[in-house]
Amino acid sequence: MNIKFRNATNNDLTDLKNLAIKSWGQFKPNLTNENWEKLNSSLADEKTYTELLDKSESFVATDENDKIIGMAFLVPKGNPTDIYDRDWSYIRFVTVDPDFSGRGIGRKITNLCIDKARQNNEKFIALHTSELMNSARHIYESIGFKILKEIDPRLGKRYWLYKLDLNATGENSN
């Protein structure tokens, strides 16, 4: 399979949304109906993706038919949230089509975000993830992300804040 990586554009909105709904749908059995509806509502809202496209560097993975099978967004420092510090860049929405899991797409797209953060002279890059995503947690930890702290539960699940000091790490293994 020939997987290609590129930046996402506004023309990809529908495909980004469809990928998220398909990929995150695998977690529906692990959530209460109320929490699934909350998550699904966010996944189905184009505003979720337009806001990320407007303020971030976006990356997608495509298959040989140019179908989007993976995505991630690197938000630069200066965009604080209730989780992220003003001085940190952070990665949002690392998502891989479940039909393509185990092929290194999540790792590659995360490393693209890290490489771009370095090019942009970011000092720190952060992300958060949950107990539902043990395979993602393994990838982040193997790349060098360290758990900074456990954050308040979301969607009834445990979440952790991870951070990578870009000045203390070497090159990534893409």
| remark: tail above 15 Å in the computed P(r) of the range 100-170, as % of all Cα-Cα pairs, reads 54 percent
| field | Which of HIS138, PRO76, TYR90, positive extreme of dipole for the chain (C-beta unit charges) | value | HIS138
| said: I'd like the projected area of the chain, averaged over all directions, using the convex hull of its alpha carbons. Report it in nm² with one decimal. | reply: 9.5 nm²
| field | Area of PHE5 that stays accessible when all protein chains are in place (1.4 Å probe, Å², to 10) | value | 70 Å²
| said: Just to check I understand the Karplus step: with θ = phi - 60° and J = 6.51 cos²θ - 1.76 cosθ + 1.60, what whole-Hz values come out for the range 140-152, glycine and proline as x? | reply: 4, 5, 5, 6, x, 5, 10, 5, 8, 5, 7, 9, 4
| said: Looking at the range 48-161 only, what percent of DSSP beta bridges run antiparallel? Nearest 5 please. | reply: 90 percent
| remark: For the chain, dividing by residue count, accessible area per residue (probe 1.4 Å) in Å² works out to 52 Å²
| query | Using θ = phi - 60° and the Karplus form 6.51 cos²θ - 1.76 cosθ + 1.60, what ³J(HN,Hα) does each residue of the range 83-97 get, whole Hz, x for Gly and Pro? | reply | 9, 9, 6, 4, 8, 10, 7, 8, 9, 10, 6, 5, 9, 10, 4
| request: Report the accessible area of GLU141, computed with a 1.4 Å probe over the heavy atoms of all protein chains in place, in Å² rounded to the nearest 10. | output: 80 Å²
| Which GluC sites (Glu not before Pro) from the range 46-138 combine a DSSP loop assignment with at most 15 other Cβ atoms within 10 Å? | GLU64, GLU131
| field | Interchain or long-range residues, amide H under 5 Å from ASP97's placed H | value | GLY70
| message | Out of the total accessible area of the range 54-174 (probe 1.4 Å, heavy atoms of protein only), what percent is carbon and sulfur? | response | 42 percent
| query | So what are the ³J(HN,Hα) numbers for the range 24-38, from phi and the Karplus equation (6.51, -1.76, 1.60; θ = phi - 60°), rounded to whole Hz, Gly and Pro as x? | reply | 6, x, 5, 8, 3, x, 8, 10, 5, 4, 4, 5, 5, 4, 5
| task | Could you list which residues have their amide H under 5 Å from that of PHE124, counting only those 5 or more apart in sequence or on another chain, with H placed in the peptide plane? | result | SER89, LEU166
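The values are calculated or read from the model by the stated rules, or taken from the named source; none is laboratory data. Quick caveat: nothing in here was measured; it's all calculated off a predicted structure. Cβ: placed from backbone, ideal geometry, glycine included. Neighbour counts: every protein chain shown. Ligands, DNA and RNA are excluded from the accessible area calculation, which covers all protein heavy atoms including side chains. Shrake-Rupley method; radii C 1.70, N 1.55, O 1.52, S 1.80 Å.
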